[in-house]
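Below you'll find the structure, written out as structure tokens, and then a few comments.
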Ligand code: GLU
């Protein structure tokens, strides 16, 4: 199907009801922080009588961990979270696994290219770091524009300097503020030219970049509300720029606080210490996990045990919009800070 038609389908769905999504990457077991965000996304949609899309973000084959996609779905089901569309149940705007959507991303990239907003870039990370003028923005080094506006002749030269190197594709940003009024995190804005620079939409290893894929999917899946961790707040202005370029209104964003461990570090999937499998082994059941996650957001008293459905009944709109972020570690009665 052509992009335009897919876009219209998405827009039609979007007008019907609230549509949220939970979009895990199958890079290991979900930890409690990931599960809390999943619970948040589920509650937001269910409170609005909307529909939840489960999207598997497996574009980066190098980071994929075998069996983790299935484990993620099992964990969510075990917690009592359900979804209306997803890789296992299908739906009107599938496929719901990103690695099966690359033709769609190709079409989106073509649209940006036709608008003259994409260029090939031969720079390595090291080249960019070393470019004398490269300043730093909130997300790291700002791309200094090395390959933007290259003539055919210059491109030949760049290619000859790096034989065999495939180019990345970058999106041309404007020198203007792009802001978001986040439901939870408040106002956040960046000047993309100053703070980020032209950003990658297709990587040198030819995988489509997260920034492009996520926007294309949110558009075509008719997403009205994005609930995700606040670590992605700094990606949002870039994504809004892509929404605008593709002619679609950006969804509402809800950037939820991240869960941190006792020493204040954010949880990572790497050590697996806060995985559901481990908690289950220690005898935790689903109501205890839900109660624990909800307590860390100030929604129920510490030690509460309740199902996701029961939490949904208890929670009101004001609480959903205003989580408090305390984070006692499981089993650590002192850590209520
Ligand atoms: N797949 C991303 C992750 O697991 C989330 C992307 C998003 O919610 O926009 O971190």
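Read-outs: derived from the displayed coordinates by stated rules, not from any lab. What you see is a predicted model; the values in this text were computed from it and never measured. Here Cβ is always computed from backbone atoms with ideal geometry, including for glycine, and neighbour counts include all displayed protein chains.
What are the residues in the range 1-34 that are over 14 Å from residue 85 (Cα atoms), within 16 Å of the ligand (Cβ to nearest atom) and in contact (Cβ under 8 Å) with a residue 60 or more places away in the chain, if any?
Result: 27, 28, 29, 30, 31, 32, 33, 34.
I need a count of the residues in the range 90-109 that are more than 21 Å from residue 60 (Cα to Cα) and touching a residue at least 24 places away in the same chain (Cβ under 8 Å).
3
Of the residues 120, 46, which is in contact (Cβ under 8 Å) with a residue 40 or more places away in the chain and outside any helix (DSSP H, G or I)?
Every option except 120 fails the conditions.
In the range 125-138, which residue that is part of a loop (DSSP other than H, G, I, E, B) and loosely packed, with under 15 Cβ neighbours inside 10 Å is nearest to the chain's Cα centre (by Cα)?
The residue in question is 138.
What is the one condition in (1) part of a helix (DSSP H, G or I); (2) within 15 Å of the ligand (Cβ to nearest atom); (3) in contact (Cβ under 8 Å) with a residue 60 or more places away in the chain that residue 59 does not satisfy?
Condition (1) is where residue 59 drops out.
For the range 311-322, check the following and say yes or no: at least one residue is surrounded by fewer than 18 Cβ atoms within 10 Å (Cβ to Cβ) and within 13 Å of residue 81 (Cβ to Cβ).
Within the range 311-322 (the criterion being surrounded by fewer than 18 Cβ atoms within 10 Å (Cβ to Cβ) and within 13 Å of residue 81 (Cβ to Cβ)), the answer is yes, since at least one residue qualifies.
Which one of these does residue 180 not meet: (1) farther than 18 Å from residue 37 by Cβ; (2) touching a strand residue (DSSP E or B) at 6+ places or on another chain (Cβ under 6 Å)?
All conditions pass for residue 180, except number (1).
Just give me the residues in the range 65-88 being touching a residue at least 12 places away in the same chain (Cβ under 8 Å), surrounded by fewer than 17 Cβ atoms within 10 Å (Cβ to Cβ) and outside any helix (DSSP H, G or I), in sequence order.
Across the range 65-88, the qualifying residues are 65, 82, 84, 88.
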